[in-house]
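S.K.: Below: one structure in structure tokens.
The values are calculated or read from the model by the stated rules, or taken from the named source; none is laboratory data. All values derive from a computational prediction rather than experimental measurement. Because the Cβ atoms are built from the backbone with ideal geometry, glycine has one as well, and the counts that use them run over all protein chains shown. To get the accessible areas, we keep the full protein, side chains included, count just its heavy atoms, and leave off ligands, DNA and RNA. Shrake-Rupley method; radii C 1.70, N 1.55, O 1.52, S 1.80 Å.
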Amino acid sequence: MWAGRRGRALKGLAPYGYMGEDKKLVLVPAETAVRREAFVLFLVQRRKGVVARMLHEKGYRTRSGTKFTDVHIDRMLRCSSAKGLY
């Protein structure tokens, strides 16, 4: 059984748009707005690299202050937290 199902804290960083608090994921409003924008841009553009470049051009950065890459966008799109599965 996974640690999360047993009520233990999960290891690693919380997905972009969330932060861990009291063993639960809590929304971070500033990051969720960027995440929502990434989803909308991907629906229109259909290219992860283009979405990453557009977010960079709008001045958005990752938590660590770096540019978004296609890998960041891919992880945002595939992450089950957006579907409410955490």
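S.K.: So which of 42, 68 is surrounded by 11 or more Cβ atoms within 10 Å (Cβ to Cβ) and over 22 Å from residue 20 (Cα atoms)?
M.R.: Checking each option against the conditions leaves just 42.
S.K.: Considering only residues that are more than 24 Å from residue 13 (Cα to Cα) and not in a helix (DSSP H, G or I), look in region 45-65 and name the one that is most open to solvent (accessible area, probe 1.4 Å).
M.R.: Restricting to residues being more than 24 Å from residue 13 (Cα to Cα) and not in a helix (DSSP H, G or I), the top hit is 47.
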